[in-house]
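Shown next, in structure tokens, is the structure this report addresses.
The values are calculated or read from the model by the stated rules, or taken from the named source; none is laboratory data. Fair warning: this is a prediction, and the values are worked out from it, not measured in the lab. Reconstructed Cβ throughout: ideal geometry from the backbone, glycine too, with neighbour counts over all protein chains shown.
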Amino acid sequence: MRVLLLCDDQAHPGKVPIDGVAPLAGQGFQFDIITDAKDFRPEMLLNYPVVLLSKSNNTSGEDKTPWKTEEVQEAFVKYVENGGGLLAVHSGIVASPQDVTLNKLIGSRFVFHPKATPVTVQPIKPHYITEGVGTFCEIDEQYRIEVLADDIDIIIASYSPAQGEESKYEDDPASNSPECICPAAYVRSQGKGRVCVLTPGHYVPAWINPDFQKTLANAINWCAGK
């Protein structure tokens, strides 16, 4: 299956997801990679059953210019509603204030994360995506998200222990909670298409963990309608 991978932004080097999906090539997946959004055109979406979005609203790691124009966001909505699959991983849900249309499609937006810490990731309900996936723990950024859609189905949760001085976002009560359990994966649908969000993935070890690899493969297949 050919999958379009959009990655690379100021805080998230493209090398991480590129290295992270490399092991999946032996499982029948072919990834066409775009790291500079200047090379992206909305009509490209039509060539792929699934798009893996691991890129915030920076054109590239060196160019902070926004690329998620309203035209681009509307193209993603049309793509999904017509049957396309969108898999947003980690920085794929990091949004700029103008990303309202895409945020609604994805169903959430990133709010903040505490400093990197051991994050335990555990399936919490049966689903195609969680088949064969076990609990695992890796050093990662545990994303705190704002849910924007009322139909998200949370299938995997993440847990991080108390860190004391946990985050620079000290005014946010959640940053100083003794412990935190957050959504790590959820699914939703829109029109004929499917959306899956996976919040882990700041570092390569999280991507290449065998259980996360299984999650990724299942999520791509599920987003493609399997």
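Going by what's in this entry, would LEU86 be described as under 18 Å from the mean Cα position of the chain (by Cα), farther than 18 Å from ALA11 by Cα and assigned to a helix (DSSP H, G or I)?
The answer is no for LEU86.
Taken as a whole, the condition of being outside any helix (DSSP H, G or I), among the charged types (D, E, K, R) and closer than 25 Å to ASN221 by Cβ applies to LYS125.
Scanning the stretch 37-62 for residues that are part of a loop (DSSP other than H, G, I, E, B) and either in contact with a strand residue (DSSP E or B) (Cβ under 8 Å, 6 or more places away or on another chain) or surrounded by 15 or more Cβ atoms within 10 Å (Cβ to Cβ) (or both) yields a total of 10.
The residues of the stretch 73-106 that are touching a Phe, Trp or Tyr at 6+ places or on another chain (Cβ under 8 Å) and hydrophobic (A, V, I, L, M, F, W, C), listed by number, are LEU86, ILE93, VAL94, ALA95, LEU102, LEU105. I'm trying to understand the selection: among the residues of the stretch 149-181, which are modelled with pLDDT of 90 or more, of a type outside the set (Val, Ile, Thr) and within 18 Å of ASP211 (Cβ to Cβ)? The answer is ALA157, SER158, TYR159. For the stretch 16-36, give me each residue that is closer than 24 Å to TRP67 by Cα and either touching a residue at least 24 places away in the same chain (Cβ under 8 Å) or assigned to a strand (DSSP E or B) (or both). Listed by number, the residues that qualify are VAL16, PRO17, ASP19, GLY20, VAL21, PHE31, ASP32, ILE33, ILE34, THR35, ASP36.
The residues of the stretch 187-206 that are outside any loop (DSSP other than H, G, I, E, B) and out of contact with any Ser or Thr (no Cβ under 8 Å at 6 or more places or on another chain), listed by number, are VAL187, ARG188, SER189, GLN190, GLY193, ARG194, CYS196, VAL204, PRO205, ALA206.
Among the residues of the stretch 72-82, are any buried (at least 22 other Cβ atoms within 10 Å of the Cβ), at pLDDT 95 or above and touching a His at 6+ places or on another chain (Cβ under 6 Å)? The answer is no; no qualifying residue exists.
For the stretch 128-144, a tally of residues being in a loop (DSSP other than H, G, I, E, B) and hydroxyl-bearing (Ser, Thr, Tyr) returns 2. Scanning the stretch 207-226 for residues that are surrounded by fewer than 24 Cβ atoms within 10 Å (Cβ to Cβ) and either assigned to a helix (DSSP H, G or I) or not basic (Lys, Arg) (or both) yields ILE208, ASN209, PRO210, ASP211, GLN213, LYS214, ALA217, ASN218, ASN221, TRP222, ALA224, GLY225. Listed by first and then second residue, the pairs with beta-carbon distance under 6 Å, at least 6 apart or on different chains, first residue in the stretch 208-226 and free of Cβ contacts under 8 Å to residues at least 24 places away in the same chain, second of a type in the set (Phe, Trp, Tyr) and buried (at least 18 other Cβ atoms within 10 Å of the Cβ), form an empty list.
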